[in-house]
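Every read-out reported here was derived from the displayed coordinates using simple, explicitly stated rules and does not represent laboratory data. If you're wondering where the values come from, they're calculated on a predicted model, not measured in any experiment. As a convention, Cβ positions derive from the backbone with ideal geometry for all residues, glycine included, and neighbour counts pool all protein chains shown.
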Amino acid sequence: MAHKSGRKLQPSRSRRPQIFKNPKAAFALALIFVDALLVALIIAYVPYTKIDWDAYMSQVAGFLGGERDYTNLKGDTGPLVYPAGFLYIYSGIRFITGGEVYPAQILFGILYTINLSIVIFIYVKTEVLPWWALILLSLSKRVHSIFVLRLFNDCFAMTLLHAALATLLYQKWHLGLILFSGAVSIKMNVLLYAPPLLLLMLKAMNIYGVISALACAALVQILVGLPFLVSYPVAYISGAFNLGRVFIHFWSVNFKFIPEPVFVSKQFAISLLIAHLGLLAAFAHYKWCRHEGGLFKFLHSKVISALSSSSSSGLKILKEEHIMTTLFAGNFIGIVCARSLHYQFYSWYFYSLPYLLWRTHFPTLLRLILFVGVELCWNVYPSNIYSSALLLCLHLLILWGLWSAQSQYPYVEDELSTRKKEK
């Protein structure tokens with residue numbers, strides 16, 4: 001009996017230090033702790049640069065004062081151009097901080113650490129990077145500045161997005177769509193993930209599951225915007241979801257080498273849109289749906305399965321690496337084809353860069369050179385034609401690396417395939 005009892009206790013003793021036996025997990029915890037200390041030092045000793053904070057607080061003040069017409073919610077940088085989730089987030093920040101910058105910086109410092117923890121969790125779970133390469137996620141001067149020295153709403157949008165991506169790794173598509181829609185309600189750039197996300201849902205679920213997940217996302221948008229939709233719906237939709245905005249040429253980090261008359265022209269915008277859609281279609285057909293026989297054959301099979309009587313047909317478990325590679329690559333294509341990227345927009349894809357670089361066939365040294373090169377381009381202020389042209393070249397080289405990399409089989413086909421999945 002004593003011998004049996006000892007054998008029962010042994011596994012629990014071996015499990016207790018399990019996380020410390022995994023060098024990647026132990027290094028990740030240490031990295032989060034050290035970066036949190038760095039954030040605290042930045043807040044304490046680096047001067048804050050006020051850019052949009054006063055405008056945010058003015059727009060929030062109008063909302064809290066009872067204004068529901070989006071055209072009347074303005075700040076010193078212009079009218080409000082974000083969905084209503086932004087107002088709720090910054091109303092909460094104003095309530096907690098009293099509108100003061102320093103306590104808001106502390107709040108954003110906590111947000112930075114939470115976001116980094118979620119991203120590192122994604123990297124550790126997918127096991128794409130070697131453990132030492134996780135440090136790249138903490139090496140961006142510009143991203144630290146975006147979070148704790150600028151207090152941009154991009155920070156909340158990307159944190160919520162990364163939380164959505166983490167849930168998708170567990171095949172929780174409905175919960176992921178709800179979090180994704182919440183991120184969209186803070187800033188629309190999250191929609192760059194929408195095309196690859198839709199494709200992944202079509203792979204993982206039947207058509208009824210896809211429709212119900214999309215309905216959950218739509219319901220979030222309706223509930224978030226309800227106070228404005230019932231009062232001034234046209235003003236809200238046109239202001240919060242304006243896809244035709246033209247950003248100022250001076251502040252753009254990319255395409256700075258394009259003459260301003262061409263940069264702001266409708267023809268240039270249409271050309272980039274065509275390039276964006278074309279690249280998405282090419283990657284979907286030749287890379288993301290390669291093992292299904294291409295995009296069109298895959299869509300045809302989904303139509304056939306939707307018309308069949310089997311409600312469980314088309315339900316599959318996707319590999320974690322396929323999920324993240326497709327989502328990160330799809331977003332990156334949007335970044336490459338974006339007409340204007342302001343400095344805070346770097347947060348839209350910085351955290352995916354190491355992942356994407358390690359999905360290429362490039363040697364490690366070249367991956368590191370590309371990572372450093374992109375970071376340097378984003379730290380040139382103001383951007384110029386040379387840094388802008390270099391950034392585009394680096395983006396295109398990474399995109400070519402993703403295109404030329406081998407496509408892995410996307411589905412899990414072991415004992416996990418029999419596990420009950422979310423419909």
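Here are the numbers:
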quantity: Hydrodynamic radius by Kirkwood, which averages 1/r over all alpha carbon pairs of region 189-295, in angstrom; calculated: 17.1 Å
quantity: Kirkwood-based shape ratio for the chain, expressed as Rg/Rh from alpha carbons; calculated: 0.98
quantity: Cα principal axis extents for region 320-423, largest first, Å; calculated: 55, 31, 17
quantity: Candidates per chymotrypsin sites (Phe, Trp or Tyr not before Pro) in region 154-242, loop by DSSP, up to 14 other Cβ within 10 Å; calculated: Tyr170
quantity: Distance between region 343-417 and region 94-117 - C-alpha centres, whole angstrom; calculated: 29 Å
quantity: Simple label model, 7 Å out from Cα along Cβ direction - Val380 to Tyr170, nm; calculated: 4.4 nm
quantity: Range in the chain, longest, excluding exposed GluC sites (Glu not before Pro) [loop by DSSP; at most 12 other beta-carbon atoms within 10 Å]; calculated: 128-412
quantity: Nearest-20 debye value, the chain charge dipole, Cβ charges on Lys, Arg, Asp, Glu; calculated: 1420 debye
quantity: Separation of the His291 and Cys393 label points, Cα + 7 Å toward Cβ, nm; calculated: 3.7 nm
quantity: Hull shadow area, averaged, region 231-339 [alpha-carbon convex hull, nm²]; calculated: 11.2 nm²
